[in-house]
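A.B. asks: Please find one structure pasted underneath; my questions will follow.
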Amino acid sequence: MTNGETDAGNGQNGAARDRIVLVTGVSGAGRSTTLKAFEDLGYEAVDNLPLTLLEGVVLGGVRERRPLAVGVDIRTRDFGVESLIAGLDRLLASGQVSVTLLFLDCEDDVLVRRFTETRRRHPLAADRPVADGLRLERRMLSDLRKRSDLTIDTSQLSPGALKDEISRRFATGCQSGLALLITSFSYRYGLPREADLVFDARFLTNPHYDPALRDMTGRDAPVGEFIARDEDFATFLNGLGAMLSVLLPRYEKEGKSYLTIAVGCTGGRHRSVYVAERLGKMLESDGRRVHLSHRDIQRSAGQDMR
């Protein structure tokens, strides 16, 4: 996988000049950090642009001919989900730009902690608990989230990790085509919010019960060899490959730019990690652009007990 080098600032990449990313999501999920990451990649970044001005700025020839990232949320003047979606449809219909709708999400308990630590009020809960504002905001944004091209869950991402994620996905030198994120996870800590496809690896023999393997991860050769000896492993992995060989071209035909594949096991350190690694290599060998992430690999080995 190649992260790519940005050439947005020199104006020589025609495709990049017409690239627009609309950044939205729940309050506190990291929109400001995300826009700064886009600036670092050479994008022109604009926050809280009134929706009535969006099409004029994007299509009117006023802005610099650089890729553009626009931050939009419930605080934006004249904000409305229907009007934003209608504006997005008009931009797409113009044929002049490539538009990605990026939705930033985050677990409510993490958002409440962020608001509490920064002593900020939620924009929809000036005199009420933050949780009340979040519930109302999620109802308001539900259709926008469904319409998004890409959702990034920032619950466990530091500002630096979020910037790295944006760089991996949006650096303007990246290859075109469907971008794949394969992430392993622990079912103990919930499904990844951004997952499009979820596969359960808990049926495979668990290395946790081998004392020599317990403190290792699915990236270590002895663990991989242990899992690969399971009589159903090869059938499972080949089946995933065969299914994805059908699905991925269809997703591309529908215009999907990003796909997140999640593989889970109990602790998120052994089986899911190994399956994700093997699946990633399989897809890369087919010429696919793949990024691997292991959400829970650093958690305690003693918590993987099924």
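A.B. asks: Which of the residues spanning region 209-231 are closer than 13 Å to residue 297 by Cα and either in a helix (DSSP H, G or I) or of a type outside the set (Asp, Glu) (or both)? Give the derivation first.
C.D. replies: Keep residues of region 209-231 that are closer than 13 Å to residue 297 by Cα, which gives 214-220.
Those that are closer than 13 Å to residue 297 by Cα and either in a helix (DSSP H, G or I) or of a type outside the set (Asp, Glu) (or both): 214, 216, 217, 218, 219.
A.B. asks: Another question about this same structure. Here is a list: 130, 58. Which entry is under 14 Å from residue 18 (Cα atoms) and either touching a residue at least 40 places away in the same chain (Cβ under 8 Å) or of a type outside the set (D, E, K, R) (or both)?
C.D. replies: Within the list 130, 58, the selection yields 58.
A.B. asks: Ok, one more. Which numbered condition trips up residue 164, out of (1) out of contact with any Ser or Thr (no Cβ under 7 Å at 6 or more places or on another chain); (2) farther than 24 Å from residue 256 by Cα?
C.D. replies: (2)
A.B. asks: Still on this structure, please answer the following. Does residue 274 fit the bill of being among the aromatic types (Phe, Trp, Tyr), at pLDDT 95 or above and not in a strand (DSSP E or B)?
C.D. replies: yes
A.B. asks: Also, quick follow-up: Please verify whether residue 234 is at pLDDT 90 or above, among the hydrophobic types (A, V, I, L, M, F, W, C), loosely packed, with under 13 Cβ neighbours inside 10 Å and in a helix (DSSP H, G or I), treating the condition exactly as stated. Full working, then the answer.
C.D. replies: Details: at pLDDT 90 or above: yes; among the hydrophobic types (A, V, I, L, M, F, W, C): yes; loosely packed, with under 13 Cβ neighbours inside 10 Å: yes; in a helix (DSSP H, G or I): yes.
Answer is yes for this residue.
A.B. asks: Another question, if that's okay. Does residue 118 meet the test of being surrounded by 14 or more Cβ atoms within 10 Å (Cβ to Cβ), under 14 Å from residue 29 (Cβ atoms) and among the polar types (S, T, N, Q)?
C.D. replies: Values: surrounded by 14 or more Cβ atoms within 10 Å (Cβ to Cβ): no; under 14 Å from residue 29 (Cβ atoms): yes; among the polar types (S, T, N, Q): yes.
For residue 118, the condition - surrounded by 14 or more Cβ atoms within 10 Å (Cβ to Cβ), under 14 Å from residue 29 (Cβ atoms) and among the polar types (S, T, N, Q) - is not met.
A.B. asks: While we're on this one: Does region 230-241 contain any residue that is in contact with a Ser or Thr (Cβ under 6 Å, 6 or more places away or on another chain) and of a type in the set (Gly, Ala, Ser)?
C.D. replies: No, region 230-241 contains no residue that is in contact with a Ser or Thr (Cβ under 6 Å, 6 or more places away or on another chain) and of a type in the set (Gly, Ala, Ser).
A.B. asks: Can you find a residue that is in contact with a helix residue (DSSP H, G or I) (Cβ under 6 Å, 6 or more places away or on another chain), among the small types (Gly, Ala, Ser) and at pLDDT 90 or above anywhere in region 133-153?
C.D. replies: no
A.B. asks: Regarding region 170-186, can at least one residue be identified that is out of contact with any Asp or Glu (no Cβ under 9 Å at 6 or more places or on another chain), assigned to a helix (DSSP H, G or I) and surrounded by 14 or more Cβ atoms within 10 Å (Cβ to Cβ)?
C.D. replies: The answer is yes; a qualifying residue exists.
A.B. asks: Within region 240-280, which residues are surrounded by 19 or more Cβ atoms within 10 Å (Cβ to Cβ), under 30 Å from residue 95 (Cα atoms) and more than 18 Å from the chain's Cα centre (by Cα)?
C.D. replies: 244, the sole residue that qualifies.
A.B. asks: Is there a residue being of a type in the set (A, V, I, L, M, F, W, C), touching a residue at least 24 places away in the same chain (Cβ under 8 Å) and assigned by TED's automatic domain parsing to the domain that holds residue 102 anywhere in region 159-169?
C.D. replies: Filtering region 159-169 down to residues of a type in the set (A, V, I, L, M, F, W, C) leaves 161-162, 166.
Those still in the list that are touching a residue at least 24 places away in the same chain (Cβ under 8 Å) too: 162, 166.
Still in the list and also assigned by TED's automatic domain parsing to the domain that holds residue 102: 162, 166.
Checked against the condition, which is being of a type in the set (A, V, I, L, M, F, W, C), touching a residue at least 24 places away in the same chain (Cβ under 8 Å) and assigned by TED's automatic domain parsing to the domain that holds residue 102, region 159-169 yields at least one hit.
A.B. asks: Of the residues 239, 255, which single one is free of Cβ contacts under 8 Å to residues at least 40 places away in the same chain, assigned to a loop (DSSP other than H, G, I, E, B) and outside the structural domain of residue 157 (by TED's automatic domain parsing)?
C.D. replies: 255 is the lone residue from the list that is free of Cβ contacts under 8 Å to residues at least 40 places away in the same chain, assigned to a loop (DSSP other than H, G, I, E, B) and outside the structural domain of residue 157 (by TED's automatic domain parsing).
A.B. asks: Just give me the residues in region 148-167 being under 11 Å from residue 37 (Cβ atoms) and surrounded by fewer than 17 Cβ atoms within 10 Å (Cβ to Cβ), in sequence order.
C.D. replies: Across region 148-167, the qualifying residues are 159, 160, 161, 164.
A.B. asks: Can you tell me how many residues within region 183-211 are touching a strand residue (DSSP E or B) at 6+ places or on another chain (Cβ under 8 Å) and either of a type in the set (Asp, Glu) or not assigned by TED's automatic domain parsing to the domain that holds residue 238 (or both)?
C.D. replies: Of the residues in that region, 3 qualify.
The values are calculated or read from the model by the stated rules, or taken from the named source; none is laboratory data. Worth saying up front: this structure is predicted, and the values here are computed from it rather than measured. Please note: Cβ atoms are built from the backbone with ideal geometry, for glycine as well, and neighbour counts cover all protein chains shown.
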